[in-house]
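The values are calculated or read from the model by the stated rules, or taken from the named source; none is laboratory data. Since the structure is predicted, the reported quantities are computational estimates derived from the model, not experimental observations. Cβ coordinates were reconstructed from backbone atoms using ideal geometry, including for glycine residues, and neighbour counts include every protein chain displayed.
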Amino acid sequence: MIVILDEKEVEGLILAAGYSTRFKLFGGSFKKYLLKLNNSNILGYIITGMVNAGIRKINIIASKISNKSKYKQIILNSILKSKIDLKNVNLNIIENRAPHRENGYSLFLGLNAISSEYTLLSMADHIFSKNIFSQLIMNHNKDDVFLATDPLHLKEPYKVVDATKVYGLNSFIIDIGKEISKYNRLDMGAFILRTRVIRDICQELELDTYKFNVTNIILLAIESGLNVGYFDFPNVIWLDVDNSSIYHQLIELFSDSSNRHPFGLSPPKHI
């Protein structure tokens, strides 16, 4: 049974509290998701993709925010404004003051602020050639976790060795992790989560473990008998912008001369 989600049932959540340590040329306050991409930046495209998928409230978990209002305005200015009325976009900025606790703790903070039944989750540094957010929503079923996966039909331009691997069978995830030896898919960094149920899983980990990541949360969900499913995107090119080399690949992939656009969005000439 397909669950048709609308804006009242799902909020967006973007995890953007990492240290960007692999960008060695920049200081500790550097935020890689604000790196320029065409007429916007990485985060601007992710938000625009969510808005075009019908999401109207988007929560962003960030670290080291000295001026929340200024930070929010910078983000609003980066959204591609073609066919988007910013008055209908509600951005909620949540500061993570302990980003060293890893992205599982960021997810925990975000889910605590979300009241909708479902949460559309994205990492702040993953870019796709098509709007997988809208496709995830359209194909979502009753799973407690619904993960976008790459079935390994395309192995470039990213490195499989750096990706989080997934072993899936009959639309359910059996195992997930960077070091697992048996896998047939890659984690693309976009999910639909049943908010309350996964918040409870986060709470359990937060009480027992100081540092934990999203993969730990998914594993505990599997161990707890929750429905943890996946949906394959065999023809979507994607990049996890972990370092400056991958960022340069991103720029080349979506250059002005390319027929590809991030999230399938052809940027307006002026934003």
Is there any pair linking a residue in the stretch 224-244 that is of a type in the set (A, V, I, L, M, F, W, C) to one that is assigned to a loop (DSSP other than H, G, I, E, B), with Cβ under 6 Å and at least six apart or on different chains, and which? Leu226/Asp144; Val236/Ser129; Val236/Lys130; Ile237/Ser129; Leu239/Tyr158; Val241/Asp125
Which of (1) polar (S, T, N, Q); (2) within 30 Å of Gly264 (Cα to Cα); (3) out of contact with any helix residue (DSSP H, G or I) (no Cβ under 6 Å at 6 or more places or on another chain) is the odd one out, the single condition Asn213 does not satisfy? (3)
So which pairs qualify, if the first residue must be in the stretch 91-108 and at positive phi, the second must be modelled with pLDDT of 95 or more and not in a helix (DSSP H, G or I), the Cβ gap must be under 7 Å, and the two must be at least 6 apart or on different chains? Glu102/Lys211; Glu102/Phe212; Glu102/Asn213
Answer yes if at least one residue in the stretch 157-173 is among the aliphatic types (A, V, I, L, M), in contact with a helix residue (DSSP H, G or I) (Cβ under 8 Å, 6 or more places away or on another chain), within 20 Å of Gly44 (Cβ to Cβ) and crowded, with 19+ Cβ neighbours inside 10 Å, and no otherwise. no
Among the residues in the stretch 135-147, are any over 16 Å from the mean Cα position of the chain (by Cα), surrounded by fewer than 19 Cβ atoms within 10 Å (Cβ to Cβ) and farther than 24 Å from Leu219 by Cβ? yes
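Tell me, which residue of the stretch 83-94 that is in a loop (DSSP other than H, G, I, E, B) and surrounded by fewer than 14 Cβ atoms within 10 Å (Cβ to Cβ) is modelled with the lowest pLDDT?
Lys83
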What are the pairs with Cβ atoms under 7 angstrom where one residue, in the stretch 118-146, is outside any loop (DSSP other than H, G, I, E, B) and the other, located anywhere, is among the acidic types (Asp, Glu) and at pLDDT 95 or above? Sequence gap at least six, or different chains. Thr119/Glu11
If we ask which residues in the stretch 234-253 are closer than 21 Å to Thr149 by Cα and part of a loop (DSSP other than H, G, I, E, B), their number turns out to be 6
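Regarding Ala190, is this residue closer than 24 Å to Glu117 by Cα, among the small types (Gly, Ala, Ser) and in a helix (DSSP H, G or I)?
no
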Lys87: more than 13 Å from Ile47 (Cβ to Cβ), of a type outside the set (Gly, Ala, Ser) and without any contact (Cβ under 8 Å) to a residue 24 or more places away in the chain, yes or no? yes
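Are any residues in the stretch 58-76 in a helix (DSSP H, G or I) and without any contact (Cβ under 8 Å) to a residue 40 or more places away in the chain, and if so, which ones? Reasoning before the result, please.
To start, the set of residues in the stretch 58-76 that are in a helix (DSSP H, G or I) comprises 68-76.
Residues satisfying the conditions are Lys68, Ser69, Lys70, Tyr71, Lys72, Gln73, Ile75, Leu76.
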Can you find even one residue in the stretch 95-105 that is among the basic types (Lys, Arg), over 15 Å from the mean Cα position of the chain (by Cα) and surrounded by 19 or more Cβ atoms within 10 Å (Cβ to Cβ)? yes
